[in-house]
1. With the condition kept exactly as written, say whether any residue in the range B:190-205 is part of a helix (DSSP H, G or I), among the aromatic types (Phe, Trp, Tyr) and either under 25 Å from the mean Cα position of the chain (by Cα) or not assigned by TED's automatic domain parsing to the domain that holds B:Arg244 (or both).
2. Out of the strands (runs of 3 or more DSSP E) lying entirely within the range B:81-153, which hold 1 or more residues that are within 26 Å of the chain's Cα centre (by Cα) and at pLDDT below 95?
3. Restricting to the range A:72-103, and then to whatever is without any contact (Cβ under 8 Å) to a residue 60 or more places away in the chain, within 14 Å of chain B (Cβ to nearest Cβ) and assigned to a loop (DSSP other than H, G, I, E, B), can you tell me which residue is farthest from A:Ser183 (Cα to Cα)?
4. Looking at the range B:362-417, which of its residues are closer than 20 Å to B:Glu332 by Cβ, of a type in the set (Gly, Ala, Ser) and assigned to a loop (DSSP other than H, G, I, E, B)?
5. Can you give me the number of residues within the range B:103-121 that are within 7 Å of another protein chain (Cβ to nearest Cβ) and crowded, with 23+ Cβ neighbours inside 10 Å?
6. Just wondering, is there one or more residues in the range A:338-359 that are within 18 Å of the chain's Cα centre (by Cα) and either assigned by TED's automatic domain parsing to the domain that holds A:Arg91 or part of a strand (DSSP E or B) (or both)?
7. Which of (1) among the hydrophobic types (A, V, I, L, M, F, W, C); (2) assigned by TED's automatic domain parsing to the domain that holds A:Ser240; (3) closer than 21 Å to A:Asp299 by Cβ does A:Leu127 not meet, given it meets every other one?
8. State the number of residues belonging to the range B:53-80 that are part of a strand (DSSP E or B) and within 14 Å of chain A (Cβ to nearest Cβ).
Amino acid sequence: MRRIAGIVLAVLLIGGVVAAVVAGRDNEETGTATKTVRMVIGSEKAEFFADPDVVKALAAKGYTVEAETSGSWAMEGLDLKGYDLAFPSSRAPATELAARHEVRGALPRPFYSPLVVVARRGAATVLAGNGLATLDAKNRGTLKMAAYLDAAERDRTWQQLKGAGRYGELSGTLFISSTDPESSNSGALYLAAASYVAGGGKVVASDAEVERTAPLLRKLVSVQGAQQTGTDAVFRDFVSGAGNPLVLVYESQVAALLDEQPDAEDLVVLYPDTTVNSDHTVVPLTENGKGLAELLGSDPELRRLAVRHGFRPQGDAAEFAAAASDRTTYLKQRLTGVRQAPVPTAAVLHELARRAVGQGGQ
Amino acid sequence: MRRRAPGSLLVAAAAATLLAACTAAPEEDEDPDAAAPGTLRVLASSELSDMTPVLERVEKDTGVTVRPTYIGTLDAVDMLATGKTDGRYDAVWLSSNDYLRLRPDAEKKVVSQTPVMSSPVAIGVRSAVVEELGWKPEEVTWSRIEQAVRDGRLTYGMTDPARSNSGFSTLVSVASALSGAQSALTDADVTKAAPRLKEFFKGQKLTSGSSGWLAGAYNRRGDVDALLNYESVLKGFEGLTVIRPKDGVVTADYPLSSLASTDAATREDVRRVTEALRSDAVQRLITDRTLRRPVVASVPPAAGLDTGRRRELPFPGSRSVADGLLDSYENELRRPSRTVYVLDTSGSMEGGRLSRLKSALTGLTGDFRDREEVTLMPFGSDVKSVRTHVVDPADPRSGLEAIRKDTEALTAEGDTAIYTSLEKAYGHLGAGRDTFTSIVLMTDGENTAGAEAEDFDAFYAGLDRDRRATPVFPILFGDSDRAELEHIADLTGGRLFDARQGSLDGAFEEIRGYQ
């Protein structure tokens, strides 16, 4: 079995056409059918599916995957003919896709990841010194969402914060960079969390509530200027030293980075005290897609690899906690003390995003 | 160097330089080679022409050939928005997708966008000038730069924001920093900052449609103190101290973007190329060869790239702000241009050629900026007339109307007195005015009357330094002699444009970036 996986892996690197031929020949010898699954996924899962160990684990179960990335909400606009599954980063876009493609039954959610804010130590220290955050470990802390939103509401700048003068890059309006909430999941979930906190712990549901929270959300988005459409891009910019001092990403992205580079220098992970988990949700479009989705949730090896890529598998917190034990300076083993904001309905979330981006407003 | 797509207006010579770049929009009727498996037809920013060795490596790693067609960012976004990329390109690779994001009709054509490397806007200042100014590079802010310009102690060159991404990013950096805007620029910020920006742009002594020509012109002039461009471009110069202003920069992150109009197999190739580009080995190659910064944490930036942090100035979040900024730069903030169009209307232009000239010139009137001075100097056996029009901001239409009227009245007659006419163009322009001056020479034949080439060489050598700074941009058309025109371009520091490969409209249009 291992030998077969090795062959499949090797030929995958050479190219699709060759792979099909060799895999086909291999099949004749062994009788194992290789199912090729084509899928469109959120950009934050691209590295997971590209990982040679994941490719190998899938091949061991008879799957070859071809993944293409797209903003979670942008998947609605794609022609998914010929695809076996769509894998957006949360339940709301998945539910819409399922309705659109008439997918029935419960949608598998193999793993999840909370939204966190990454910063450099300088920025984190300044936030802590001004009551906007607390630092819980050398590279880990908690962002006080209510205090942050209050600062945003009042257009606080870094220059107005004690201690910011020491860091040349800390100037201009204090804000968190997110992705475009109209096309990308993390940007939309940011608005969900912010509106929940601003509403005093109540999820936005009515028109009046949308109306009330819209100006704040508009502000959170408009200060950012042009926004990226994928969390991978904003995180890459952060890693390369470009971009805003505070960036909203998935915890999984940080964990994946730590896996590559255990000492991420002065990176600090701030867990918002109220955040939203992204429930990576599969929309199976074919039987093969369904099979793969189930495998992702049940196969111990794939669950282990998901953890390695920073995802928290559904159902068992111990797996992630164990893996996070050697990186607790950056990551929380368990999400105790982090409040989960419920996400508004897809329709409300769309409306919040539309108002925040100010479509037609400018 | 990779083969260039047919119809590109770029002259071969420019491709030889590391900084080579071209902003010519591919011709409408051009048929870029049809789709081929294993080849990606990529619409790319001109700045990416230095990636050839990296792409060769990626080809080895993936078996996928990347075939770039170079274009200015704004033109590329226009092509996407109007569907002109559908079926003709497999991917788009711009310096940044910031502007693309402001155009929903263009953005919806893009499926995935993956940053591959980054480079911030910076200012490269002659090291001697840095010393004279008493600057510590790590302490310099945009306000300090502004002050030096105001005091007459610093001049600089930059690319045209309307045609080049580096120019546009520079404009956004300068406007954000000098407006004092604390977050993304608004229309109000731009209005408020206009007087300061106008002062700042008085220091701009060189403009260019491409980074490549800017580099050459900077070396030739010798009296320009600095260049504004991406850090990676500036690091390629000797004797320049590259400064990332302390109060903020705009950074290009070069996202490779797949397109919704392509099939899944093509997008899979794009994904594989992206993955290869982000492997450690290729990231190392990128930073060592092109002096851009890696986007993976495991690869450090090349030696000499300062890792101190900088604030990222937010890019405008709406098209009205971005376009408004561009519009005020062109029509209000930058120094105006003065151009003499030396136009061959000899007997051989009779018929189709003359009507193409008329239509190209008429088309150009849609592009002249406020305050611009345009002189039409048609010639045959000698200069036939000298008609000067200024686009008055209070009444731009009457100036443009007059240019169109004069264009319509052109007739073909006589011999071809190229050099005599050029000498008269220099005489007309004179010297000492605070403008970007240039001469455009359009001819369809060889010199047959008046002064000879040697006479013109001597005439040019006798001009004072100020006047010699006026370049001639010759356009190859009809039966004109490439060697003759190339000599004129080289002598005067201009650049040759080929309207035989492309079109006359396209050549006139591209020269706009240099005026």
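1. In the first step, residues of the range B:190-205 are kept if they are part of a helix (DSSP H, G or I); the result is B:190-201.
Okay, now just the ones that are also among the aromatic types (Phe, Trp, Tyr), so B:200-201.
Adding the requirement that they be either under 25 Å from the mean Cα position of the chain (by Cα) or not assigned by TED's automatic domain parsing to the domain that holds B:Arg244 (or both) leaves B:200-201.
Among the residues of the range B:190-205, at least one is part of a helix (DSSP H, G or I), among the aromatic types (Phe, Trp, Tyr) and either under 25 Å from the mean Cα position of the chain (by Cα) or not assigned by TED's automatic domain parsing to the domain that holds B:Arg244 (or both), which makes the answer yes.
2. Working: elements: B:91-93, B:110-115, B:119-126.
Output list reads B:110-115, B:119-126.
3. If we take residues in the range A:72-103 being without any contact (Cβ under 8 Å) to a residue 60 or more places away in the chain, within 14 Å of chain B (Cβ to nearest Cβ) and assigned to a loop (DSSP other than H, G, I, E, B), then A:Gly82 is farthest from A:Ser183 (Cα to Cα).
4. B:Gly366, B:Ala394
5. Looking only at that region, the number is 7.
6. yes
7. (3)
8. Keep residues of the range B:53-80 that are part of a strand (DSSP E or B), which gives B:65-71.
Of the ones still in play, those that are also within 14 Å of chain A (Cβ to nearest Cβ) are B:65.
Result for the range B:53-80: 1.
The values are calculated or read from the model by the stated rules, or taken from the named source; none is laboratory data. Being a predicted model, the structure only gives us computed values, none of them experimental. Reconstructed Cβ throughout: ideal geometry from the backbone, glycine too, with neighbour counts over all protein chains shown.
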